[in-house]
Amino acid sequence: MTAKPAKARRLIVLGSTGSIGTNTLNVVDHLNRTAAASIQVVGLAAGRNAKTLIEQARWFKVKHVAIADAAQSQAVREALPDCTVFAGPDSALKLVKEVEATDCAAAIVGAAGLASTLGAIRLGLTISLSNKETLVAAGELVRPMLQASGATIIPVDSEHSAIFQCLNAHRSGETSQTRPPIKRIVLTASGGPFRATDKQTMDNATVDQALRHPTWSMGPKVSIDSATMMNKTLEVVEAHWLFDLPGEKIDLLVHPESVVHSFVEFTDNSTLAQLGPPDMRTPIQYALTYPNRVGGCSDAMDWSTLRGLSFEPVDFTRFKAPKLAYRVIEAGGTAGAVLNAANEVAVKAFLERRIPFGRIVELADEALSQIPVQPLDGLEAVTEADRQAREWVENRLAEQSMTPARS
Ligand code: NDP
């Protein structure tokens, strides 16, 4: 008797034109071509890159697309006459609501991805989550939503994928313990381009220097977050919500090779780690095929060429950002939304060469200290905190005459 073919999964890719989005489509193509999975791409959402969106829609024969920049929508409509095109700031959420799907890759960058990711959670989809900002800003709202809708989140961020995989490995041998006996988890950090740079040089780094990540190829926002180590701040908060762990059980360690993606120390002092090449296609594929593992499309590690794995503590005197994570977890409520939005505005200002590199984290820190934390009783509270933080930072930018970053 032949086995029935698995029912095709219907995937929406939010942020399809970005670094994670394009990698996701490459992984989907690999899985379909190798018959390791059957995944139909049924919706694509982009910000403003009409050209890539059109190419992707043609490649996967997608009938529904969204583009946030309404000015680009006419070009998309003309190029894709058989497609429904949603346009404007709410277009990704409209796409999620209108298109019947089973899965959603949430890979829009920043708070712009919040509404559509929450929309997909509300609809009970299986979410491969890259948009860490959703959990940072609205983690408290997400858990009850998951329970109500039956949605599942599979983390894509390499560190969280590593922890998820370690916990799955533990659970597969577990019989009696409902909660894994975790002593602590350790998220590894490459240290970014300024790992060994003195503070003064780092504070005055140029945009080009800050974008030059030593091990990962990523979009501009997450690259700058890696350089300030704000990326780790967001990841600690993300881990808090994903794995239901208090801040004191989430540690950081610098690991420049980016091979050990993170690890879990159990109460018996044994440690499970997940290792692999620094290639986002690996965690993306794991999220799309979980709980199965199939032939990978990323290059395998050549372990024989690896001469060592090194670890060092985070230098919190040069990198002030990671400590903010613990303040956010402690404060709860809207603190995460404030930090995230303040950081987004500060990163944008740095990329526009309006502030020096060293000012990014200072502005996020000041916003977190100055803006009162409110209870997180609904999405409106997140939106309001986000608005306030953006306005607060913009006002500081307008007030202060700052040294522009060198280009
Ligand atoms: P990119 O900047 O490369 O891509 C961002 C994507 O979001 C693009 O498709 C962009 O569209 C889209 N977008 C931006 N604004 C909007 C909007 N208002 N509405 C709809 N779509 C929008 O980012 P990355 O792929 O690097 O990162 C995406 C997310 O994944 C981030 O949250 C990041 O923290 C996380 N992440 C990324 C990793 C990486 O290796 N890159 C690793 C782990 C997590 P367009 O280009 O058309 O404007």
Mind telling me which of Ser304, Ser19, Ser91 comes out most flexible in a GNM of the chain, alpha-carbon contacts under 10 Å? Ser304
Extended-chain gain in nm, criterion 0.36 nm per residue less alpha-carbon gap, Glu55 and Asp69: 3.3 nm
For a test of the definition: using alpha carbon positions, the gyration tensor, and the 1.5 limit on a/c, classify the range 9-156 as rounded, prolate or oblate. oblate
Quick one: net charge around Ile67, please, counting Lys, Arg +1 and Asp, Glu -1 for every other residue with C-beta under 10 Å from its C-beta. +1
DSSP beta bridge pairing in the chain, given as percent antiparallel to the nearest 5: 25
Under 19 Å from the Cα of Lys63, which aspartates and glutamates turn up, not counting those fewer than eight places away in the same chain? Asp29, Glu55, Glu78, Asp82, Asp90, Glu98, Glu100, Asp103
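Give me the net charge for the shell around Asp365: Cβ to Cβ below 13 angstrom, other residues only, Lys and Arg +1, Asp and Glu -1.
+3
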Result row for the chain, helices from DSSP H with C-alpha axial extent 27 Å or more and mean Kyte hydropathy at least -1.0, is 379-399
List Glu140, Glu98, ordered by accessible area with a 1.4 Å probe, largest first: Glu98, Glu140
Just report the Cα centroid separation between the range 137-159 and the range 209-250, whole Å. 18
Leu146 paired with Ala8, simple spin-label distance in nm, labels 7 Å along Cα-to-beta-carbon: 3.0
Shape descriptor, the chain: equivalent ellipsoid semi-axes (Cα gyration tensor, sqrt 5λ, whole Å, largest first) stand at 31, 28, 21
At 222 nm, what value in deg cm²/dmol follows for the chain if DSSP H runs of at least 4 each add -39500 (n - 2.57) and the sum is divided by all its residues, to the nearest 500? -14000 deg cm²/dmol
Using a 1.4 Å probe, how large is the accessible area of Leu309, given in Å² and rounded to the nearest 10? 70
In whole angstrom, note down how far apart the Cα centers of the range 85-110 and the range 324-375 are. 27
Measure up Lys249/Lys320; Lys199/Lys320; Lys232/Lys348 against 22 Å on the Cα-Cα distance and list the ones that go over. none
For the chain, with a Gaussian network of springs between Cα atoms less than 10 Å apart, report the residue from Ile182, Ile360, Ile153 with the top mean-square fluctuation. Ile182
For the Arg293, Arg318 Cβ pair and Förster radius 35 Å, calculated FRET efficiency rounded to 0.05 is 0.35
In terms of the Cα gyration tensor, with a ≥ b ≥ c the square roots of its eigenvalues, is the range 254-407 rounded because a/c is under 1.5, prolate because a/b exceeds b/c, or oblate? prolate
For His240, His64, His261, the accessible-area ranking with a 1.4 Å probe, largest leading, is His64, His240, His261
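The values are calculated or read from the model by the stated rules, or taken from the named source; none is laboratory data. Here the structure is a predicted model, which means the values were calculated and not measured. So basically every Cβ, Gly included, is an ideal-geometry build from the backbone, and we count neighbours across all protein chains shown. The accessibility values were calculated without ligands, DNA or RNA, using every heavy atom of the protein model including side chains. Shrake-Rupley method; radii C 1.70, N 1.55, O 1.52, S 1.80 Å.
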